[in-house]
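Visitor: Sharing a structure, written as structure tokens. Questions coming.
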């Protein structure tokens, strides 16, 4: 057992207790962050005269050697060590001797793990932001290509009004854009360095915490040593933000699943992102969309778990906090994987334009526009609403769309109708008359697309 404590103990830790206490099986993933933090720490110690320049050089060379050997597979991180910190320090001492024993001067594992987790999380937020930008780029491309691709818009999963595919994709663009802004907010709020906080009350060594923070690209040092080692707010915020990302992906997945059904046939999912049935040869299943929808609960669970863990912990550090890592690691991996796969599926998905437009026509999505036509010809809105209701009932009984009614049929219900009704209720007119900012009309959409394009260039 390689551990960083034991002087006041008179017998070995029980093996089961050791295994239960150890974190090496999961915290080994941030060995690079641990080494980066240690290099910054010894650089600061040398600057302050706590280490000699020669000791600093020996330690940094040793740390770089460990990092390279782990990377190339010549040095294995095993459960011989309690955690990643003991692995790095033990191997450093083995390689350079007494100088390695000075690595831990002026710090505790409490502020060390707090630093490692912040560095790791910061790196992962950058990756998440990149993946969110990729899906936004795919969505923008779809928006630009489909400003005149008509489809039904829904409320209560009932066809409501005609929109365009560009407009529908634009709704998800806004969702994922907000997700990016949340990631950036979290990064900014968490970007303070806890190293130097010690176990909970700082240290008597003359550390330059501002310098350490600068070396590690933080905005500055944390301002309370107790909070520094016991804060996990940023992880809760990240889990909440990732839960929101997953919620958006799940909503989108649900729509893809519906659109892929035989009843809708709005989309054709690429073979690379679908599976077949072991018994039914005709099937093409939207497995990626279904798995993304399912894995959403996994990320939600991580958020709930960490909130539950943290709610009962008094200041400052407690071992319970070790439970944050597996939850966060898994949630990050899940969210990144889902974003990458969903983006790939979306990029290769084909849309059935004709089917979507026909669905809009036969769902009476232009009924509101028929009522507006009557209002514009002097009929009070409430009366117009009733007249169009009769039109819809007639069409249902005769299995036709409003667009398919003859002029005689229109006039039989209201003499106000004239030939221009056909233009008034065409999909093109219904959509393009809606040109307030945020609406689906072509002119409005082109303005929004220009705004979103500029956003992706600058952000």
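The values are calculated or read from the model by the stated rules, or taken from the named source; none is laboratory data. Just so you know, these numbers come straight off a predicted model, no measurement behind them. Here Cβ is always computed from backbone atoms with ideal geometry, including for glycine, and neighbour counts include all displayed protein chains.
Visitor: Take residues that are under 30 Å from residue 169 (Cβ atoms) and touching a residue at least 12 places away in the same chain (Cβ under 8 Å) and tell me which of the helices (runs of 4 or more DSSP H) falling wholly in segment 34-146 contain 2 or more.
Guide: So the answer is 109-145.
Visitor: Of the residues 408, 419, 446, which single one is under 16 Å from residue 166 (Cβ atoms) and outside the structural domain of residue 143 (by TED's automatic domain parsing)?
Guide: Within the list 408, 419, 446, the selection yields 446.
Visitor: Further, regarding this structure: Test residue 62 against the stated conditions and say whether it is more than 34 Å from the chain's Cα centre (by Cα) and either more than 29 Å from residue 319 (Cα to Cα) or assigned by TED's automatic domain parsing to the domain that holds residue 331 (or both).
Guide: Against the criterion (more than 34 Å from the chain's Cα centre (by Cα) and either more than 29 Å from residue 319 (Cα to Cα) or assigned by TED's automatic domain parsing to the domain that holds residue 331 (or both)), residue 62 qualifies.
Visitor: How about segment 440-459: which of its residues are touching a residue at least 24 places away in the same chain (Cβ under 8 Å), surrounded by 14 or more Cβ atoms within 10 Å (Cβ to Cβ) and assigned to a loop (DSSP other than H, G, I, E, B)?
Guide: The answer is 440, and nothing else.
Visitor: Say whether the condition of being crowded, with 17+ Cβ neighbours inside 10 Å and part of a loop (DSSP other than H, G, I, E, B) is met by at least one residue in segment 252-265.
Guide: yes
Visitor: Looking at segment 417-438, can you tell me whether even one residue there is touching a residue at least 60 places away in the same chain (Cβ under 8 Å) and closer than 19 Å to residue 141 by Cβ? Step through it out loud before you land on a result.
Guide: Residues of segment 417-438 that are touching a residue at least 60 places away in the same chain (Cβ under 8 Å), as a first pass: 426-431, 433.
Restricting the remaining residues to those that are closer than 19 Å to residue 141 by Cβ gives none.
So far as segment 417-438 goes, no, none of its residues is touching a residue at least 60 places away in the same chain (Cβ under 8 Å) and closer than 19 Å to residue 141 by Cβ.
Visitor: Residues that are touching a residue at least 12 places away in the same chain (Cβ under 8 Å) and in contact with a strand residue (DSSP E or B) (Cβ under 9 Å, 6 or more places away or on another chain): list the helices (runs of 4 or more DSSP H) wholly contained in segment 147-240 that include at least 3 such residues.
Guide: 165-190, 209-215
Visitor: If a residue must be more than 17 Å from residue 187 (Cβ to Cβ) and either out of contact with any helix residue (DSSP H, G or I) (no Cβ under 9 Å at 6 or more places or on another chain) or crowded, with 22+ Cβ neighbours inside 10 Å (or both), how many such residues does segment 215-226 contain?
Guide: Number satisfying all stated conditions: 4.
Visitor: Ok, one more. Would you pick out the residues in segment 118-150 that are crowded, with 24+ Cβ neighbours inside 10 Å and more than 16 Å from the chain's Cα centre (by Cα)?
Guide: 118, 143, 150
Visitor: Among (1) without any contact (Cβ under 8 Å) to a residue 40 or more places away in the chain; (2) in a helix (DSSP H, G or I); (3) not assigned by TED's automatic domain parsing to the domain that holds residue 161, where does residue 374 come up short?
Guide: (1)
Visitor: Then there is this: Return the only residue of 348, 368 being surrounded by fewer than 18 Cβ atoms within 10 Å (Cβ to Cβ), under 41 Å from the mean Cα position of the chain (by Cα) and not assigned by TED's automatic domain parsing to the domain that holds residue 132.
Guide: Exactly one residue qualifies, and that residue is 368.
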